[in-house]
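S.K.: First the structure, then my questions, so here it is.
All of the numbers you see were taken from the coordinates with simple rules; none came from a lab. Everything numeric here is computed off the predicted structure, so don't read it as measured data. Glycine gets a Cβ as well: all are built from the backbone with ideal geometry, and neighbour counts include every protein chain shown.
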Amino acid sequence: MLSKTVSLVTGSASGLGRATVERIVSSGGKAIICDLPSQSSLADSIIDSLGSDNVKFSPCDVTQSSDVTAALDLSENSGWGPVNCAVSCAGIATASKTLGRKGPHSLEMFSNVLAVNTVGTFNVIRLASERMSTLDPDDNGQRGVIINTASIAAYDGQVGQAAYAASKGAIVGLTLPCARDLSGVGVRVMTIAPGLFLTPLLAGLPEKVQEEMGKQIPCPRRLGDPSEFGKLVESIIENPMLNGEVIRIDGGYRMPP
Ligand SMILES: NC(=O)C1=CN([C@@H]2O[C@H](COP(=O)(O)OP(=O)(O)OC[C@H]3O[C@@H](n4cnc5c(N)ncnc54)[C@H](O)[C@@H]3O)[C@@H](O)[C@H]2O)C=CC1
Ligand SMILES: C[C@]12CCC(=O)C=C1CC[C@@H]1[C@@H]2[C@@H](O)C[C@@]2(C)[C@H]1CC[C@]2(O)C(=O)C=O
């Protein structure tokens, strides 16, 4: 049960973030949805189905410190107290070769992917951990847990994924040092590296392509369901010994070049 969980979940108007909010709330916790202002109608539909006592929306660009601060404030101003769980799912994926037919990879695109995926994730870690540090510790001396989302592209980046794989590799890389940095205040840091999940990121592909992608996965022979990501988030929250590690959730899949 997550009845003591007060969470902030970025990128949670959609896909893996949304499934995380649904899981946390169905297990008794509360969640602040942090997503871009353009996603407000999706956020409203989640609030309608889960209840405004359990879920609130804070329009947020994760690259902006003031937006993340406002989301953390919303939890405290709503009477929920400081968050004790922060899950980063906000992310963007681009495809562009390092040197393509039209010339070199856009530097702006590379910087933007790193800004949202990596800098945005670290922004949440640094600001959320400060709030968690004000909480009373539990029996294990722990005050909170931070869960990041990388990708198996951090290890098996494909053609055209230099920016995306770099942004996710950096999240893998910061997991242990952040866990070490925050151990003194009793905050755990974990990262999930998903394989292929059926979210709006992949749902836009033709069905045939989705089916073919699903068949590449050794077992189970299908794309992941976002609820399976939500289940893993719940396990990480509940298990005090999980810290400083990256967990792949990919059905044994390794991406080809
Ligand atoms: N679906 C998949 O197969 C996989 C997804 N991932 C990662 O999981 C995370 C979630 O992806 P999905 O749920 O599939 O995608 P999605 O596109 O359904 O959700 C991503 C959410 O992030 C939000 N977002 C984008 N930029 C933002 C910003 N600057 N500030 C706040 N929110 C922002 C979007 O508005 C969207 O609601 C991403 O980091 C993605 O890279 C990793 C591996 C596999
Ligand atoms: C590049 C992929 C695969 C081929 C295709 O038809 C369309 C794509 C666009 C979305 C990409 C696809 C694949 O590379 C896996 C990722 C990178 C996907 C976005 C998220 C993704 O599922 C991932 O991070 C997997 O680890």
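S.K.: Between region 49-113 and region 22-43, how far is it from one alpha carbon centroid to the other, in angstrom?
M.R.: Cα centres, region 49-113 to region 22-43: 12 Å.
S.K.: Name the cysteines of the chain that stand alone by the Cβ rule: no other cysteine Cβ under 4.7 angstrom.
M.R.: That list is 85, 89, 178, 219.
S.K.: Listed highest first by mean packing, meaning other Cβ atoms within 10 Å per residue, what order do 213-222, 20-29 come in?
M.R.: 20-29, 213-222
S.K.: Which value, in debye to the nearest 20, describes the size of the charge dipole of the chain about its Cα centre when Lys and Arg Cβ atoms bear +1, Asp and Glu Cβ atoms bear -1, and nothing else is charged?
M.R.: Details: 21 positive and 25 negative charges, 170 e Å.
In debye, rounded to 20, the chain gives about 820.
S.K.: For region 117-257, treating each Cα as an identical point scatterer without solvent, what Debye log10 I(q)/I(0) comes out at q = 0.10, 0.16, 0.20 1/Å?
M.R.: Debye curve over Cα of region 117-257, log10 I(q)/I(0) at q = 0.10, 0.16, 0.20 Å⁻¹: -0.38, -0.87, -1.19.
S.K.: What order do you get for 187-199, 87-99 when each peptide is scored by the mean count of other beta carbon atoms within 10 Å, highest first?
M.R.: Going by the mean number of other Cβ atoms within 10 Å, highest first, we get 187-199, 87-99.
S.K.: Sum up the charges of everything whose Cβ sits under 13 Å from the Cβ of residue 203, counting Lys and Arg as +1 and Asp and Glu as -1, but leave residue 203 out.
M.R.: -2
S.K.: With an 8 Å Cα cut-off and a minimum separation of 6 or more residues, compute the relative contact order for region 149-197 in percent.
M.R.: Here the relative contact order equals 45 percent.
S.K.: Report the net charge of residues surrounding residue 114, where surrounding means a beta-carbon distance below 15 angstrom and charges are Lys +1, Arg +1, Asp -1, Glu -1.
M.R.: Every neighbour counted, the sum reads -1.
S.K.: Grab every C-alpha pair in the chain, bin the distances at 10 angstrom width from 0 up to the longest one, and report whole percents.
M.R.: The calculated distribution, bin by bin, is 7, 32, 37, 19, 5, 0.
S.K.: Each residue of region 135-152 in order: what ³J(HN,Hα) in whole Hz does its phi give by Karplus 6.51 cos²θ - 1.76 cosθ + 1.60, θ = phi - 60°, with x for Gly and Pro?
M.R.: Once θ is set to phi - 60°, the couplings for region 135-152 become 7, 6, x, 8, 5, 8, x, 9, 10, x, 9, 10, 10, 9, 10, 9, 5, 5 Hz.
S.K.: Mind running the shape call on region 1-131? Use the C-alpha gyration tensor, a ≥ b ≥ c as the square roots of the eigenvalues: rounded below 1.5 for a/c, prolate if a/b tops b/c, oblate otherwise. Working shown, then result.
M.R.: On the way: a/c = 2.53, a/b = 1.93, b/c = 1.31.
Because a/c hits 1.5 or more and a/b exceeds b/c, region 1-131 counts as prolate.
S.K.: Right, here's the next one. Which residue, chosen from 20, 178, 95, occupies the Cα position most advanced towards the positive end of the dipole of the chain, where the dipole is computed from +1 (Lys, Arg) and -1 (Asp, Glu) charges on Cβ about the Cα centre?
M.R.: Most positive-ward Cα: 95.
S.K.: Could you compute how fast region 94-172 diffuses translationally, taking Rh as the Kirkwood radius over C-alpha pairs and applying Stokes-Einstein at 37 °C with viscosity 0.692 mPa s? Give it in µm² per second.
M.R.: Roughly 229 µm²/s, to the nearest whole number.
S.K.: Which order do peptides 152-158, 240-246 fall in by mean Cβ count within 10 Å, highest first?
M.R.: Put in order of decreasing packing, that is 152-158, 240-246.
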